[in-house]
1. What about S74, is it buried (at least 17 other Cβ atoms within 10 Å of the Cβ) and away from the ligand (no atom under 16 Å from the Cβ)?
2. When the range 14-28 is examined, which residues are found to be more than 16 Å from the ligand (Cβ to nearest atom), crowded, with 17+ Cβ neighbours inside 10 Å and within 15 Å of the chain's Cα centre (by Cα)?
3. Can you tell me which residue among E106, E143 is modelled with pLDDT of 95 or more, surrounded by fewer than 16 Cβ atoms within 10 Å (Cβ to Cβ) and over 23 Å from K21 (Cα atoms)?
4. Only one of these conditions is not met by E9: (1) free of Cβ contacts under 8 Å to residues at least 12 places away in the same chain; (2) outside any helix (DSSP H, G or I). Which number is it?
5. Looking at the range 33-67 only, could you name the residues that are β-branched (V, I, T) and not in a strand (DSSP E or B)?
6. Please determine whether any residue of the range 75-90 is within 24 Å of E9 (Cβ to Cβ), of a type outside the set (V, I, T), touching a strand residue (DSSP E or B) at 6+ places or on another chain (Cβ under 6 Å) and at pLDDT 95 or above.
7. If the requirement is being away from the ligand (no atom under 16 Å from the Cβ) and outside any helix (DSSP H, G or I), which of these qualifies: G79, G93?
8. Which condition number in (1) in contact with a Ser or Thr (Cβ under 7 Å, 6 or more places away or on another chain); (2) within 14 Å of the ligand (Cβ to nearest atom); (3) among the hydrophobic types (A, V, I, L, M, F, W, C) is the one that C137 fails?
Amino acid sequence: MALDELYQEIILDHHKRPRFKGKILNADAATTLFNPLCGDQVQIELRSDGKTVSEIAHDGQGCSISQASASMMSEICKGKPIEEVRELIEIFGKMMKGTATEEEQERLGDAESLKGVQRFAARIKCAMLSWEACDQCIKKLPEGAPAENDSQES
Ligand code: ZN
């Protein structure tokens, strides 16, 4: 099976059987974003103890790319430290610009299968929607502000 076909399979699978779709009780942050160009709507809810994203869920409707991306994002971010989730969001954004390294892309799990979307400018927003919503959720958390001693940049 060609790699492109394999990626198509993964995207279709997430679209047909979305992971972590729905709502969560007592969410600490929620954001709904729209992509009017395509008609996508994605709502992200998450719970956090201040260190990790303990629960995450997505809801909404739209094209297969937007919905599959929300499922993949939820799957890879659930249970991860907030700092790591922030990194994954950044890597996904870089992948859409074609500037992420192979090593970085591998950290995205199934979401790596969306890298082909970078060739279709009109669909990038579809793929980015849930990651942007997650980013906004994290910023709404009291603990989501970047730490003072954040010196990871090299
Ligand atoms: Zn779309």
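The values are calculated or read from the model by the stated rules, or taken from the named source; none is laboratory data. Everything numeric in this text was worked out from a predicted model, so none of it was measured. All Cβ positions, even for glycine, are placed from backbone atoms using ideal geometry, and neighbour counts span all protein chains on display.
1. yes
2. Result: R19, F20.
3. E106
4. Here E9 clears every test but (2).
5. Of everything in the range 33-67, just one residue is β-branched (V, I, T) and not in a strand (DSSP E or B), namely I65.
6. Among the residues of the range 75-90, at least one is within 24 Å of E9 (Cβ to Cβ), of a type outside the set (V, I, T), touching a strand residue (DSSP E or B) at 6+ places or on another chain (Cβ under 6 Å) and at pLDDT 95 or above, which makes the answer yes.
7. G79
8. (2)
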